[in-house]
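Data first, discussion second: the structure below is written as structure tokens.
Nothing in this text is a laboratory measurement; each read-out follows from the coordinates by a stated rule. Computed from a predicted structure; not experimentally measured. Note: ideal-geometry Cβ built from the backbone for every residue, glycine included; neighbour counts use all protein chains shown.
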Amino acid sequence: MGVFEAIGTETHEEVLFGVDHESGLRTIIAIHSTALGPALGGTRFFPYPDEDAALRDVLRLSKGMTLKSAAAGLDLGGGKAVIIGDPATLRSERLIRAYGRVIDSLGGRYITAEDVGTTVDDMVLIARETPWVSGLPYAQGGSGDPSPETARGVMAALRAVGDRVWGSTDLAGRRVAVQGVGKVGMDLVRRLTEAGAETIITDANPDAMAFAAETYGSEPVGLDEIYDVECDVFSPCALGATLNADTIPRLRCSAIAGSANNQLATDTDIERIVARGILYAPDFVVNAGGVINIAVETDGYSIERAEAMVDRIYDNLSEVFDTAERDGVNPDVAATRFALRRIDQIGRLRVKRRPGEQ
Ligand code: NAD
């Protein structure tokens, strides 16, 4: 597949291929949009079966970052990078630093961060070659692990859902089924418990299930059983594509809001959810806490500022629900419209250069 064919009509600005033969680095950086600011998005280090698969993934993910940052109200565009190979065998200091130099060559048009297969230690190595990296350890002036802020953002989203469905932001007494109690899901369960909600949980890791049951009194259920649980909100916090033709008819909830990326298996699944009268909170609006936290780091990290910005997910999601009602569209379409409207309006504002601006 040719690169231009793969890009198609998705309006990416630039796709950069980088190599370092000595370390075996093969990387693709996709800049989808810089209309609102530098393209920010993590680096995925993954053993893709072939280059086409890597290219398709980086193009898809970078576009998703444009929408996520725009909907979060950030002055950031969307980008993403992939390193092709198995991190367990290919990772070396030379490779990561060579990758840092590829990022540096973009002069700040792309800012990287952690993603699947990369670690905070990789970010520290990248920072030795370029300033265009975020998600450094807290002790080094960075923002540290974004997961707690992502969980905080899901809580803000759950309050917006509560306001819409039950006319109250109070989560006390609500039953929330959390699919996946990993870094985000476990912190979400902690926050829900503190807010007086009940949690029903599942996870592929029995130790995580036992911890949540003992520490927060969560009710554990089987991996497949979670779809049949009677609850107020179903919260996907594990893998993507768990909302599909098989699972949606089984759900017994009033709303869906969780941290997982790409929750809908296909474009038609949102209609299945709407048809069941379930309110869907679009994933890229709900799970923006992590990117907001990383964005705050790019101009000097402060947890207070990060938290205040993450809490605005309540307002962003409420505006998405308003747009959906006003325009007579589903929340997923409304969220995309909300993000694109901001890119259009603010992106065009930036055409007017300030004195001295490059
Ligand atoms: P994680 O790997 O720490 O947690 C995922 C959990 O899901 C693990 O405990 C795993 O055992 C469990 N799991 C795996 N398969 C499962 C299954 N079939 N059913 C139930 N549980 C299963 O990841 P995380 O950082 O907590 O992220 C969770 C989701 O949120 C991911 O989709 C991620 O892309 C998304 N997300 C995370 C962040 C963040 O800040 N960490 C930000 C935005 C989006």
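Arranged from fewest to most other beta-carbon atoms within 10 Å of their beta carbon, 340, 264, 279 become 340, 279, 264.
Suppose every K and R has +1 on its Cβ and every D and E has -1 on its Cβ; what is the size of the dipole of region 53-157 about the Cα centre, in Debye to the nearest 20?
Details: 12 positive and 12 negative charges, 72 e Å.
With Lys and Arg at +1 and Asp and Glu at -1, about 340 debye.
Quote the FRET efficiency, to the nearest 0.05, computed for residue 276 versus residue 11 with a Förster distance R0 of 22 Å and r equal to the Cβ-Cβ distance. Calculated transfer efficiency: 0.05. A simple charge model with +1 on the Cβ of Lys and Arg, -1 on the Cβ of Asp and Glu and nothing else charged puts the dipole of region 260-355 at about 640 debye relative to its Cα centre.
Between amide H atoms placed 1.01 Å from N, distances below 5 Å from residue 44 occur with 81, 82, 83, all of them 5 or more places distant or on a separate chain.
Across region 227-267, the relative contact order, built from alpha-carbon pairs under 8 Å that are at least six residues apart, equals 53 percent. Distance from the C-alpha centroid of region 73-136 to that of region 179-235: 33 Å, rounded to the whole angstrom.
Taking every DSSP helix (H) stretch of at least 4 residues in the chain, weighting each as -39,500 (n - 2.57) and dividing the sum by the residue count yields a mean residue ellipticity at 222 nm of -13000 deg cm²/dmol.
Across region 277-338, C-alpha contacts under 8 Å between residues 6 or more apart give a mean separation that, scaled by the residue count, equals a relative contact order of 37 percent. Counting charges near residue 118 (Lys, Arg +1; Asp, Glu -1) among other residues having Cβ under 11 Å from its Cβ returns a value of -2.
Note on the chain: with charges restricted to the Cβ of Lys and Arg (+1) and Asp and Glu (-1), its dipole about the Cα centre is near 1060 debye.
Here the label points at residue 311 and residue 241, each 7 Å from Cα along the C-beta direction, are separated by 3.9 nm in the simple model.
The value of relative contact order for the chain, using C-alpha pairs under 8 Å at least six residues apart, is 15 percent.
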